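Comments concern the structure below.
Quick note: the coordinates plus some simple rules give every number you see, no bench work behind them. Keep in mind it's a predicted model, so treat the numbers as computed, not measured. Note that each Cβ is placed from the backbone with ideal geometry, even for glycine, and that neighbours are counted across all protein chains shown.
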Amino acid sequence: MCGVGGLRSWGLRLLFSLNNPLLRRTCPVSFASRRRMGSNTFSVTSKEREKETVIVISGPTGAGKSRLALELAKRLNGEIISADSVQVYRGLDIGSAKPSLSERKEVPHHLLDIMHPSEEYSVGQFYEDARQLTRDILDSGRVPIVAGGTGLYLRWFIYGKPDVPKACQEITSEVYAQLEDFQRNGDWDAAVQLVVESGDPKAHSLAANDWYRLRRSLEIVKCSGSPPSAFQLPYDSFKEQFSSAVANNPLEGGSCINGVQQGQLKDLDYNFICFFLTSQRLDLYRSIDFRCEDMISGSDGILSEAKWLLDIGLLPNTNSATRAIGFRQAMEYLLKCREQGGQSSAKDFFAFLSDFQKASRNFAKRQMTWFRNELIYHWLDASKPMERVLDFIHDTYYDQTGRLTLPESLTIKKDISNRREAAQLKAYRTKNRYFITRENCNNVLTWIRTEV
């Protein structure tokens, strides 16, 4: 099946077999990633080849990156580190498309189910945890594969974190006390104004009700006298260096359309091989819409998980877990059902489903915009046969020559290629696979009457 089916065709819980070849080697060899003019050939120096190799696989929601990471880990004797800001939470399995228990038995997965949904998990915590796990996996003789779509997690993981001071317990308690009443009363705007007046003018740009980041901003101001934006990210320094290299050598830099030159990566801690897996936008949108339907189908889907969040006292859009795509929409829908005495009309259900699908498509669009500017990633076409993609990444990892050709047949353009595609995207309308008429959602409406 792998020989004919694309990566994106894998469904929410669809499993299929893959004949795993015997591992050819047990020691990693670095990836070659310097593009030559007029070709897809890359090269690295012997010094760069000495670095330990870490594979990073990202992509928009619904592209098939988790399945690719799983099959790749089987081939490379690898372990997977999740870079997903929702999969860290226990109980949020279907809505975050978390790997199944059987998949986790096949390949070790890390940073899944490590937090309660009422807790916050920051990018700084992810950096520390993921870097330590990477070191542990390498020391055990296995291959670390970092897979997920949370762009900020991966940016910090690859380039490093800013040298922002940690708050002492006294300041943490002081900040909590200052913002506690605002949060209890739901007065977000007033809390933001307090932080702005304290010294962080960019607090206005925080996502509404992101109380964790608002508190962290105030902690940084109190500890250092400066706002968070005063501390430069290592990524920004790298980006400036690369921009300068392109300006000084526009022909060579301009040829690096899909993946950054390895020479610019000499200061990174590892030899990162980074891939962004995606498909044509129309196909991706259609896949996302079907995926949302899959998550709602059944008695233990995302609605059941959203009900549990409400039952433990959480409200939508009040912390990281309840702001997550799908969970926010599902919680808001169920609250409306409760206000109506545990009832829902088909119209309300279809409105919820449409909101869920639209939010998911918009999230995928934001992911693609984010990673389009991440020059270290090589974009792969998810519609291509999995076997070919796996062979390419496998051979890239074990290549010893310092030269490797990225097949044009596996690449995909970062931007919309023509006016026709742009027009089709503009005219895109969801066509559901399961939920088409009122009769199709009767089971969901019955579940709401009996459970909500």
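If the segment from ILE416 to LEU335 were pulled out straight at 0.36 nm per residue, it would be longer than the present Cα-Cα gap by 25.3 nm. Checked against a 26 Å cut-off, the cross-linked pairs LYS239/LYS413; LYS74/LYS307; LYS65/LYS365 give Cα-Cα distances beyond that limit for LYS74/LYS307. Distance between the pseudo-spin-label points of ARG429 and ASN362 (7 Å out from Cα toward the beta carbon): 2.1 nm.
Full extension of the segment from LEU315 to GLN232, taken as 0.36 nm per residue of separation minus the current Cα-Cα distance, would add 26.4 nm.
The string of couplings for segment 299-316 from the Karplus curve (6.51, -1.76, 1.60, θ = phi - 60°) is 7, 10, x, 5, 5, 5, 5, 5, 4, 4, 4, 5, 5, 8, x, 8, 10, x Hz, one whole number per residue in order, with x for Gly and Pro. Once the Cβ-Cβ distance of GLU174 and ARG135 is raised to the sixth power relative to R0 = 56 Å, the FRET efficiency obtained is 0.95.
Counted residue by residue at 0.36 nm each, then reduced by the alpha carbon distance between them, the extension gain from SER409 to ASP300 reaches 35.3 nm.
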